Every structure is written in structure tokens, then in C-alpha cells.
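Here's the structure, in C-alpha cells; my notes come after.
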């Protein structure tokens, strides 16, 4: 993309309008972050008085285009082709580049997932334009500037940096899952669905997907409805075995604070917080977690937060809906027993 910009003059971006969300999907199922981005994308679009746009790529994904409308999109571009069945950087990036050049969106949002980070980075190098990664806040300046205010943690999480892209378009950002709210799904919403051809043929793609093997051991905190998280108050790594038993009984996942991850008690993929996952479960149980701000920002939007800590003055109680002061080693086993009893999971002794 080349723009003729007069020397010492502000660039003219009047042709660029609209807020576009790139919908991420796998096997015909959208990632929740896509609908979350449509929620914030629509708010930005309303401030700029433009359409909320969405791009759906894949094969047999027309149903996702309808879902995008239900979640707030005014127009949805559908690139439906067998070449796009599985994510590969080359064909997906080429679809995006062709679409961006044709419709000229002023803002493009991606999920800060493995796929989203890869795709957004590849696109930014080809346009070229700026890309702000792992945003936790998004806003816009009103016209005439129309600048995207993309904010993310910086300087070891001690500050929040707001990054602007003044000289290039589109303005692009990836945003963490679980940070923004999706709009309520509204099947009565109407929107325009526009087919967009894939410019790539299979023989043009060097990479081939032979098979996709799901890692059964992978922690999926971002999609978990229940998370039981532990901190230094557990006293050691053995405490996580007890938390996993509670998480399994509740049908959830095990999370952790940064301190215990750095101590080597549990792997990084369990970490919740600014340098870990941002989560939004229905139930978040914080066990032995003091409540440092870096951790709280990663889980404060949970529907229900239960804190268990022996320190009645622990900061975690300020964000918790329910608090239990006491020894986790006595409280959590009692919770496990009660959950199993109520769910019919208790072992019957003979």
C-alpha cells in the first residue's frame, strides 16, 4: 500500500472508514474473543459514526457470518473456500490484504491469540502499518483525528502505554481474550453478508495441514467457565493437586498467580494476570492469592469471585463477591467433599 503524502503535510485518510473485526474460528466454531471484539468494535464505530465490519474466513462458515451479525456487525465479508479450511498464514493474510485494500477500514482488530498474533503481524509487515499487540483498553479520539487509542501494559506492568498510529492506515491492534464484553446475541439483527473471493489457490500454498491433533493436556483458561487459582499462600507446589481436584469436581481449570509460576510450582500456561491470561469465567476461586493489581486485572471481570485467604486484610477481598478467611488446607477439601456430594461424584465407601 502506497499513499501520496505531501511533504510536511498531514496524510489524508478520508477514504478509510469503518471498524473491522477479523473473526477467528476453528472447525466452524468461533473463538469467544471474536464476539468480544465485535462488542468493543461497535462502540468505537458508533463514536466514529461508521459501520461495524467483520471478516469471516474458512470453509462452510456462512453460519458464522450470521452469528457475526447477531453479535453486532453491520456488514460481514465471507471468504469461504477449501483453501481456507485450516489456518495457514499465507492464504489468510492474502485474503486480508486484498480486502483491506478494497474496502479501506480505518481500524482492524484481531484477537491476541496464537493465530491472531501470527496473522496480524504478517499483515502489518506487508501493508505497512502499525500494530499494537495485547491491548487491554481500546478507545478512539473523535473526529477529526479519528485516532485509535490502543493501550497495553508496559515497563514490567508498572505502567499502561497508549499507542497511536498517526501516519498509516489501517490502525491495527490485537486485544486479549476476556478483556471486553460481547454484546448480547440478538438473532433479530439484520446485516449485509458479502462474499469475498479467496485470491489464493491450493497450489500456491507451500504448507500443507496433514492432521490436527488436539493437545488434551493444554490448559484452556480463556474459555473456562470455572477457574480455581492458587497463589503463594498454598505454601508449595503440592497444593495445586488439591486445587485440581476441586477444579475437576466443578468442571473447571486450574489457574495461578505470577509468583508461583516464577517459583516453578506450576507451568506458565496456568498464569492469570497482565503477563498471563485475561479470563472471564462464571466462577473464579482465588486460593491463597493476595490480590496484587497485576493479577486482579486478569480476573476482575469474572461473574462471581470467591476468595480464600487466612489474611483478613488481603487486597483480594476488595474485588471478591464472597470471602472466606481461614486455612485453605481445611476449607478446600471441605468444598471438594460438598461439591462431589451435590453432583453425585462422591466415592461411596464399602
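The values are calculated or read from the model by the stated rules, or taken from the named source; none is laboratory data. Everything numeric in this text was worked out from a predicted model, so none of it was measured. Every residue, glycine as well, gets a Cβ built from its backbone with ideal geometry; the counts of neighbours run over all protein chains shown.
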(message) Condition first: under 11 Å from residue 226 (Cα atoms) and touching a residue at least 24 places away in the same chain (Cβ under 8 Å). Now tell me which residues in the range 287-314 satisfy that.
(response) 302
(message) Can you confirm whether residue 257 is touching a helix residue (DSSP H, G or I) at 6+ places or on another chain (Cβ under 6 Å), at pLDDT 90 or above and either surrounded by 11 or more Cβ atoms within 10 Å (Cβ to Cβ) or assigned by TED's automatic domain parsing to the domain that holds residue 135 (or both)?
(response) yes
(request) Go through 200, 219 for me and flag whichever is touching a helix residue (DSSP H, G or I) at 6+ places or on another chain (Cβ under 6 Å), at pLDDT below 90, under 26 Å from residue 62 (Cβ atoms) and not assigned by TED's automatic domain parsing to the domain that holds residue 273. (result) 200
(request) Identify, from the list 128, 144, 91, 82, the residue that is farther than 25 Å from residue 47 by Cα and modelled with pLDDT under 90. (result) 128
(message) Consider the range 305-341. How many of its residues are closer than 16 Å to residue 254 by Cα and assigned to a strand (DSSP E or B)?
(response) 4
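Matching residues to (1) in contact (Cβ under 8 Å) with a residue 40 or more places away in the chain; (2) surrounded by 22 or more Cβ atoms within 10 Å (Cβ to Cβ):
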| residue | (1), (2) |
| --- | --- |
| 223 | yes, no |
| 229 | yes, yes |
| 236 | no, no |
| 244 | no, no |
| 262 | no, no |
(message) Residues to consider are 252, 178; find the one that is buried (at least 19 other Cβ atoms within 10 Å of the Cβ), touching a strand residue (DSSP E or B) at 6+ places or on another chain (Cβ under 8 Å) and not assigned by TED's automatic domain parsing to the domain that holds residue 98.
(response) 252
(message) For the range 192-235, which positions are assigned to a strand (DSSP E or B) and either closer than 19 Å to residue 55 by Cα or over 26 Å from the mean Cα position of the chain (by Cα) (or both)?
(response) 192, 193, 194, 195
(request) Could you run through the range 266-296 and say how many residues are surrounded by fewer than 20 Cβ atoms within 10 Å (Cβ to Cβ), within 17 Å of the chain's Cα centre (by Cα) and assigned to a loop (DSSP other than H, G, I, E, B)? (result) 2
(request) Would you please name the residue that is farthest from residue 100 (Cα to Cα), looking only at residues in the range 154-168 that are touching a strand residue (DSSP E or B) at 6+ places or on another chain (Cβ under 9 Å) and surrounded by 14 or more Cβ atoms within 10 Å (Cβ to Cβ)? (result) 160
